[in-house]
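Trainee: To start, I am sharing the structure in question, which I have written as structure tokens.
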Amino acid sequence: MYSMKKEKYLKRSPGKNIAFYISLTLCIAAVAGAAWNTYGTVEEYAEEDIVEQSSPGETSSVEAANEVSGVKYPDAEKSSDASQAESSAESSVQTSEKQESQETSRTFKPITKGDIIKPYSPENPVFSQTMKDWRTHSGIDISGVEGSPVHAVEAGVVSEIRQDPLLGNVIVVKSSKYELYYCGLTNVSLVEQGSHVAAGETIGYIGSIPSESEDEPHLHLEAKTGGKYTDPSDLF
């Protein structure tokens with residue numbers, strides 16, 4: 001009796017086993033489908049969250065990096081640009097001041113190819129061919145052809161234009177340190193009193209000097225600093 005039931009059970013087992021495996025397969029498929037749907041929902045939610053975080057009006061990653069404890073710090077790139085602009089402006093000002101300083105400090109020979117034919121001699125008298133006497137010489141005489149241009153030794157302002165009975169037409173140019181007296185000019189209309197002259201600018205032409213008329217044509221140049229005569233040849 002037992003053997004017959006066992007045999008009958010064995011004969012029916014393959015069909016039940018197949019049904020069991022089919023059921024198992026369907027269950028696995030259902031679980032996999034549910035898992036896939038759950039993954040898709042999570043991925044969509046993550047994408048929406050990223051879009052919301054990067055939407056206009058929200059703090060960018062660069063801005064967030066420049067904010068600590070609620071205090072915003074200047075953007076590094078903007079600060080760098082501002083510093084470069086400020087440095088460039090300071091450099092331009094320094095260059096301008098340097099050029100102005102160089103222009104002020106430049107000096108020229110008043111007569112381009114002239115030679116000093118009578119030196120500065122404030123203490124030892126020299127003989128004057130015109131006046132026929134011995135007298136001190138408070139300036140220097142620079143040779144040149146009559147009508148040759150006379151150039152400003154240095155930049156300054158024309159403080160005086162006058163006609164002197166001994167020195168002829170005189171133009172006085174005052175700089176920050178010196179007063180220069182250009183004597184014996186034929187033309188003083190090139191400049192006006194109060195006008196600014198640049199170093200090397202033509203201010204007149206060689207003419208005649210009444211007290212030195214017996215000498216060859218020349219420019220008589222005098223210089224003062226602090227109200228006292230000084231040697232003009234030290235300037236060029």
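The values are calculated or read from the model by the stated rules, or taken from the named source; none is laboratory data. In this text the structure is predicted, and so the values were computed from the model without any measurement. Note that we place each Cβ from the backbone using ideal geometry, even for glycine, and neighbour counts take in every protein chain shown.
Rundown of residues vs (1) out of contact with any Pro (no Cβ under 6 Å at 6 or more places or on another chain); (2) within 20 Å of GLY226 (Cα to Cα), yes/no style:
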site	(1), (2)
GLN163	yes, no
LEU166	no, no
ASN169	yes, no
LYS177	yes, yes
LEU180	yes, yes
THR186	yes, no
VAL191	yes, no
THR202	no, no
PRO210	yes, no
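Trainee: Out of (1) under 37 Å from the mean Cα position of the chain (by Cα); (2) surrounded by fewer than 20 Cβ atoms within 10 Å (Cβ to Cβ), the odd one out for PRO232 is which?
Mentor: It fails just one condition, (2).
Trainee: What's the total number of residues in segment 119-140 that are more than 53 Å from the chain's Cα centre (by Cα) and in contact (Cβ under 8 Å) with a residue 24 or more places away in the chain?
Mentor: Final tally of qualifying residues: 4.
Trainee: Tally the residues that are within 42 Å of the chain's Cα centre (by Cα) and of a type in the set (Lys, Arg), restricting the search to segment 143-194.
Mentor: The qualifying residues number 2.
Trainee: Only one residue in GLY204, GLY200 is assigned by TED's automatic domain parsing to the domain that holds GLY144 and not in a strand (DSSP E or B). Which one?
Mentor: GLY200
Trainee: Does segment 179-189 hold any residues that are at pLDDT 95 or above and surrounded by fewer than 20 Cβ atoms within 10 Å (Cβ to Cβ), and which are they?
Mentor: GLU179, the sole residue that qualifies.
Trainee: Just name the residue that is surrounded by the fewest Cβ atoms within 10 Å (Cβ to Cβ) out of those in segment 147-164 that are touching a strand residue (DSSP E or B) at 6+ places or on another chain (Cβ under 6 Å), within 13 Å of GLU179 (Cα to Cα) and among the small types (Gly, Ala, Ser).
Mentor: In this case the residue turns out to be SER159.
Trainee: Now, a different point. Out of the residues in segment 207-227 that are among the hydroxyl-bearing types (Ser, Thr, Tyr) and assigned to a loop (DSSP other than H, G, I, E, B), which is nearest to GLU160 (Cα to Cα)?
Mentor: Looking at the filtered set, the residue picked out is SER208.
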